[in-house]
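Take a look at the structure below.
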Amino acid sequence: MKELRNKTALVTGAGRGIGRAIARRLAADGARVAVHYGSDETSARRTVDLIAGAGGDAFCLHAPLGVHDDVRTLYERFDAGMAGAEQPAELDILVNNAGFNLRGGVADVTPEQFDRLVAVHAKAPLFLVQHGLGRLRKGGRVINISSAATRLNHPSSLAYSMAKSALEALTRSLAAELGERGITVNAVAPGFVKTDLNRHRWSVPEREAAHAARSVLGRMGEPEDIADIVAFLASDGSRWITGQCIDASGGTGL
């Protein structure tokens with residue numbers, strides 16, 4: 001039995017990498033998935049095609065985050081996508097995954113870079129939940145994709161780490177506020193994962209080996225490793241877990 005049958009999920013930044021893996025896994029578990037993307041339509045449509053090819057249900061949703069009226073635009077297009085499928089504009093699972101990194105330490109980061117990182121990693125998730133409350137059904141799930149960079153020392157990703165730390169603070173606050181509706185809110189914090197965003201860490205064998213050695217399991221993560229954790233948090237089996245940040249780094253730094 002597909003546990004997420006008759007449920008709808010919205011995954012931001014689902015065109016590739018971790019977001020694509022999450023969208024595919026939730027669809028495999030029976031959810032209808034809104035595949036959000038900010039700029040890369042080709043990759044997002046590839047995600048939808050992969051889901052459809054496996055017998056799943058998904059549609060694309062274009063809305064750049066971190067810009068004026070981003071959340072309003074996103075939900076207008078979500079509603080339209082649901083109407084096109086003759087479904088009510090209701091939501092069961094919101095995965096705040098969209099993100100990027102601008103490398104730089106304390107002497108390098110600019111106010112513009114800081115503002116962009118916070119806008120996408122912290123501000124957008126806050127207002128996606130706020131504006132989604134009327135759509136989010138009782139017993140729903142909010143899952144935020146954070147980073148092990150909030151726990152480990154990464155001076156070259158200072159602003160990114162700060163933005164992700166704000167996301168974890170948001171996770172705890174939302175969990176307390178939404179608990180009365182049976183909605184759980186959790187975060188997942190990946191470590192070094194083999195995605196396009198991290199290609200510089202694994203495109204050369206020596207670099208991959210060095211990053212793999214930082215995990216007690218002796219390898220870098222795969223997007224599916226993170227997707228499996230998100231799928232659990234989206235399921236009924238996680239109903240008694242809320243306000244938590246699940247470390248998904250393969251024991252990096254232990």
Step by step: find N for the range 116-254, compute 2.2 N^0.38 Å, then divide the Cα radius of gyration by it. What's the final number? 1.10
Using a Gaussian network model of the chain with C-alpha springs under 10 Å, which one of 204, 216, 109 is most mobile by mean-square fluctuation? 204
Enumerate the calculated ³J(HN,Hα) couplings along the range 6-20 in order (Karplus 6.51 cos²θ - 1.76 cosθ + 1.60, θ = phi - 60°), each rounded to whole Hz, writing x wherever the residue is Gly or Pro. 6, 10, 10, 10, 10, 10, 7, x, 9, x, 6, x, 4, x, 4
Relative to the longest principal axis of the chain, what angle (0 to 90°, nearest 10) does the C-alpha long axis of helix 223-234 take? 50
Please work out how much length the chain gains when fully extended from residue 196 to residue 79, using 0.36 nm per residue of separation minus the C-alpha to C-alpha distance, in nm with one decimal. 39.1 nm
Spatial extent of the range 8-248: Rg and Dmax, with the Cα atoms as the point set, Å: 17.1, 52
Positive end of the charge dipole of the range 8-248 (Lys, Arg +1 and Asp, Glu -1 on Cβ, about the Cα centre): tell me which of 231, 169, 210 has its Cα farthest that way. 210
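Kindly put 167, 133, 102 in sequence by how many other C-beta atoms sit within 10 Å of each C-beta, fewest to most.
Details: 167 25, 133 13, 102 17.
In order of increasing Cβ crowding within 10 Å: 133, 102, 167.
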Considering only 76, 90, 168, give the residue with the highest GNM mean-square fluctuation for the chain, with springs between Cα atoms whenever their separation is below 10 Å. 76
What is the distance in Å between the Cα centroid of the range 198-254 and that of the range 98-147? 20
PRE reach from residue 52 (point 7 Å along Cα→Cβ): which of the range 86-109 fall under 19 Å by backbone N? 86-87
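Sum up the charges of everything whose Cβ sits under 13 Å from the Cβ of residue 152, counting Lys and Arg as +1 and Asp and Glu as -1, but leave residue 152 out.
Working: positive: 151, 164, 214; negative: 247.
My count for the surroundings of residue 152 gives +2.
Quote the charge dipole size of the range 8-248 about the Cα centre in Debye, to the nearest 20; the model charges only the Cβ of Lys and Arg (+1) and of Asp and Glu (-1). Don't skip to the answer; put the middle values down first.
Numbers: 27 positive and 27 negative charges, 72 e Å.
It comes to approximately 340 debye.
All of the numbers you see were taken from the coordinates with simple rules; none came from a lab. All values derive from a computational prediction rather than experimental measurement. In this analysis, Cβ positions are derived from the backbone assuming ideal geometry, glycine residues included, and neighbour counts consider all displayed protein chains.
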